[in-house]
Structures are given as structure tokens and as C-alpha cells.
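Read-outs: derived from the displayed coordinates by stated rules, not from any lab. Note that this is a predicted model, so its numbers are computed, not measured. We place every Cβ from the backbone using ideal geometry, glycine too, and count neighbours over all the protein chains shown.
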Amino acid sequence: MTLNATLLGELIAFAVFVLFCMKFVWPPLINAIEARQKKIADGLAASDRAEKDLALAQDKAKDQLKDAKAQAADIIDQAKKREAKMLDEAVHKANAERENILAIGRAELEAERNRLREELRKQVAALAVAGAEKILQRSIDEAAHSDILEKLVQEL
Amino acid sequence: MAAGEELTLSSHIQHHLTNAKMCTVDGSVAFNKACSEVGFWTWHIDTLAWSIGLGLLFLWVFRSAAKKATTGVPGKFQCFIEMVVELVATNVKDTYHGSSKLIAPLALTIFVWVFLMNLMDLIPVDFLPAFAGFVGEQALGMDSHDVYMKIVPTTDVNLTAALAIGVFILMIGYSIRIKGVMGFIKELTLHPFSTKNVPLQIVLIPANLLLETIALVAKPFSLALRLFGNLYAGEMIFILIGAIGLAQLPLHFVWAVFHILVIVLQAFVFMMLTIVYLSMASSDNH
């Protein structure tokens, strides 16, 4: 185990191996590893972000759903109220119409009755005059007694 | 292990622990025992071949993963490679706080390369040496006992020392780059004993220099010898277990299972200490 020229040969071989490793072996391997590490880190970060976005979107969707439900309930409520109001109005209107029609009918009836009564009175007056004429046989001058007749007509 | 040849246990072990050597003697290439007198300019061709082969295997596997690396869903192969890369990257990030394009690939190279070289320890100790001996005998006409083959490069102190020296050079380089030459010299001379009293400080400089130099040099020594010692001892025990005949099977299994831990741990420790030492070299706060 004495030292000899082998040492020099090995020293040169060692230097060459290290230089070759430094130039052609180490950089591509470590670069590939580091690039992949970065890729994985980026991917993980992206997935984290996506998860957060998803949670946010879900929250938003829930909120919107809640809003929509509230709005729908509101609309239904309003519709019900309006329906009730419209029904009420219709009933009122119909009642008013009925009253109206009844009133008109009554007025017409009244007018007819008055007209009939007037006619009847005139006819009774005429009948009374005719009856009196027949009774008195011309003793009454129509002109001279018109005031009496008038009075009679009035009284009827 | 030719038949009829006297083969003692110690020569068997010796054979297993000897590297295949190559050198030039009188202008021509010589091998093994012929090189015993050559001294420094001897090459351990088995260590060199296995370590460089495994280093190229590491680079090829990781480069092919790097070429196909996608930032999308990775395949199983890419996942496996990325696990190793991330292990190293995490440790570097936790320990080294400066910015350096070198530390992480350096740590990855050390970890995987040392691991692969240690892994050779799990191949049963006789397989490849015996195969090499067979090939040497048949193809080259050598005595198979003269064919040496040590397949675990980290059991050769030359390799572990080379790694440690490489790290040591980087430590000094980083120290000087971050703190400047003066800063580095100050670090070596003004600690751990420091005072505001200038003459006293001058007296203390030699002691500081001695302590700091020992502390500095101990780092590569411990790096090299820890890895070498662990693997050499493990290999030695594998060889001993392999020498006891059929009874080796349960023992070998137990030691191999334990060794799985050792080979990963030693590779990891070498990598971590490299990062720690370079981190200390680049930090200013002493």
C-alpha cells in the first residue's frame, strides 16, 4: 500500500468526472427537478384558489336563491292582495250598479204611476162631469160652472 | 492457484491484496513483480481500470437520465436518479451556505462513484480474480498465480488519497477565493490563540501555525484513510471468510448484509465530510 503514480491517474480521472458532472449531468437534472417543483407548487396554489372561488360562488348562489325566494314570496303576496282588492272593488261596483239600476227602475215606476194617476184623475173628472151632466141635464152651464168643475178636478 | 502448487493461507491473502502493476523497466513495459523496484512510477492498472470504468458508468447512467429529463411526470428511471440527486442537493443545501456551482456536482460524483466502487466489495472475492487468472492462463500463457486483480478500487490507498487530495486542493482554493491569500494566512496564524497584544501575538504565531496546519492536513488524511481503512478491512474479512471452505456461506451472507450498510455509509460520509470541509473553507467566521 505505497503511494505511486496511480494517485496521479486517479486525481486526473476524478477532476474529469467532476467537471463532466458539473457541465452535463447536474444542471439538467436539478433544473428539471426545480421546474417540476415549481409546477407542482403552482398547481397546488391554483387548486387552492379554485376551491376558494368555488366556495365563494356557492355562497353567492345560495344568497341569490334566497333573494329569489324572498322576491317570489313577495310577488305572490302582492298578487294575493291585489286579487282581494280587485274582488272587493268588483263587488262594490256591482253593488253600486245594482243600486243604480234599482233606482232608475224605481224612478221610472214612480213616473209611470204619476202619469197614470194624472190620466186617471182626468178621466174621473171627465166621468164625474159627464155623470153630473147626465144628472142635471144641461142645467149646468159648462162655462158658468167651470170654476166648480175645476175645483172638483183639483180635489180629486 | 495452479494444482500442485503450495498455497498457504497467507500467500492466498497476499495474492488477493496485491494490485496488478504496470511500469516501464529499461524502456519497455513490465508488469507485476518486475515492477517491485520501480518505485513511484508504477501504475495499478486494476484500480485504474475499475475506478475509471465505474466512473464512466456513473456518468453514462446519469447523463442518459439528464438528457431525457422532463419537467412533467418522470419515469421510474428518472425518479430513481432524481432521488439520488435530491438527496445530494438537500445535504449540500443544508450544509453549504455559499453559492457554488461546483459543490453539488462534486458531492454527487463522490457519492455515486465511491458507492459504485465500494459496491464491488459485494462481488464474491474469488470470482473476478479467478476469472482474470483463467483468462491470463489461457489467453496470455501466464501462470495464473501471477495474474493479480483487485476489483475494489477503494481498497487501494492511491484512489482514496487521490480523492482526498482533490478535495484538499479545493479546500485551499475556496479558502483563498473567499478570504483572500492574507485572510487564509491570518486564519492559519492568528487562531486559536489570539490576543490584541502584538508582541505576544507574534510569539504565538508558530504555535497557531502548527496547530492550524495539523488541523488542516488532518482533514484529507482522515478522509483518505477512513474510506481506505473501512473498505480494506471489509475486503480482508471477505477474503478470510472465503478461505474457510463451505462454512463460509452463512458467515459470508451475514458479513455481506452488514457490508451493504458500510459501503453506503462510507460513500455518504465521504460526501458529507467533503461538503462540510468545503463549507468550513468558505466560511469567514472562525
query: Radius of gyration and Dmax for the range A:8-155's Cα atoms, expressed in Å?
result: 58.2, 187
- prompt: Which three extents, in whole angstrom, do the alpha-carbon atoms of the range B:129-286 cover along their principal axes, largest first?
  reply: 73, 36, 25
message: Just want the answer: with Cβ charges of +1 for Lys and Arg and -1 for Asp and Glu, which residue in B:I202, A:S47, A:I104 is farthest toward the dipole's positive end in the protein assembly as shown?
response: B:I202
Part-to-part distance (alpha-carbon centres) for the range B:78-101 and the range A:9-82, which is given in Å: 27 Å
task: Quick one: grab the alpha carbon gyration tensor of the range B:78-214, order the square roots of its eigenvalues as a ≥ b ≥ c, and give me rounded if a/c is under 1.5, else prolate or oblate depending on whether a/b is larger than b/c.
output: oblate
message: Check which residues have an amide H placed less than 5 Å from B:M142's amide H, if you skip close sequence neighbours.
response: B:E137
message: What are the ³J(HN,Hα) couplings of the range A:4-21, residue after residue, when phi is run through the Karplus curve with 6.51, -1.76, 1.60 and θ = phi - 60°? Round to Hz, x for glycine and proline.
response: 8, 4, 3, 4, 5, x, 5, 4, 5, 4, 4, 4, 5, 4, 5, 5, 4, 4
statement: When B:T8, B:T213 are arranged by how many other beta-carbons sit within 10 Å of their Cβ, fewest first, they go B:T8, B:T213
- prompt: Given the pairs B:K33/B:K150; B:K196/B:K219; B:K21/B:K150; A:K23/B:K179; B:K101/B:K186; A:K23/B:K67, which are separated by over 19 angstrom at their Cα positions?
  reply: B:K196/B:K219; A:K23/B:K179; B:K101/B:K186
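Using a ≥ b ≥ c from the Cα gyration tensor of the protein assembly as shown (square roots of the eigenvalues), is it rounded, prolate or oblate, where a/c under 1.5 gives rounded and otherwise the larger of a/b and b/c decides, a/b for prolate?
In terms of gyration-tensor shape, prolate.
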query: If you put +1 on each Lys and Arg Cβ and -1 on each Asp and Glu Cβ, how big is the dipole of the range B:114-179 around its Cα centre, in Debye rounded to 20?
result: 660 debye
statement: All alpha-carbon distances of the range A:3-82, grouped into 5 Å bins from 0, give the whole-percent distribution 3, 11, 7, 8, 6, 7, 6, 6, 6, 5, 5, 4, 4, 4, 3, 3, 2, 2, 2, 1, 1, 1, 0
field: Global form of the range B:209-286, assessed from the alpha-carbon gyration tensor, a/c cut-off 1.5
entry: prolate
statement: Note, the range B:28-33: 3J(HN,Hα) by Karplus (6.51, -1.76, 1.60, θ = phi - 60°), whole Hz, Gly/Pro = x, goes 10, 6, 10, 10, 6, 5
Computed Kirkwood radius, in angstrom, where 1/r is averaged over Cα pairs of chain B: 21.9 Å
field: Other-chain or far-sequence residues with amide H under 5 Å of B:A30's (modelled H)
entry: B:C23, B:T24, B:V25
query: Where q = 0.15, 0.24, 0.27, 0.31 Å⁻¹, what log10 of I(q)/I(0) comes from the Debye formula for the range B:247-286, counting one point per Cα?
result: -0.52, -0.76, -0.83, -0.91
- line: Expected sort for B:D146, B:D121, B:D156, A:D63 with the fewest Cβ neighbours (10 Å cutoff) up front is A:D63, B:D146, B:D121, B:D156
message: At 222 nm, what value in deg cm²/dmol follows for the protein assembly as shown if DSSP H runs of at least 4 each add -39500 (n - 2.57) and the sum is divided by all its residues, to the nearest 500?
response: -27000 deg cm²/dmol
- prompt: Residue by residue through the range A:108-118, which ³J(HN,Hα) values in whole Hz follow from phi under the Karplus form 6.51 cos²θ - 1.76 cosθ + 1.60 (θ = phi - 60°), with glycine and proline marked x?
  reply: 5, 4, 4, 4, 4, 4, 4, 4, 5, 4, 4
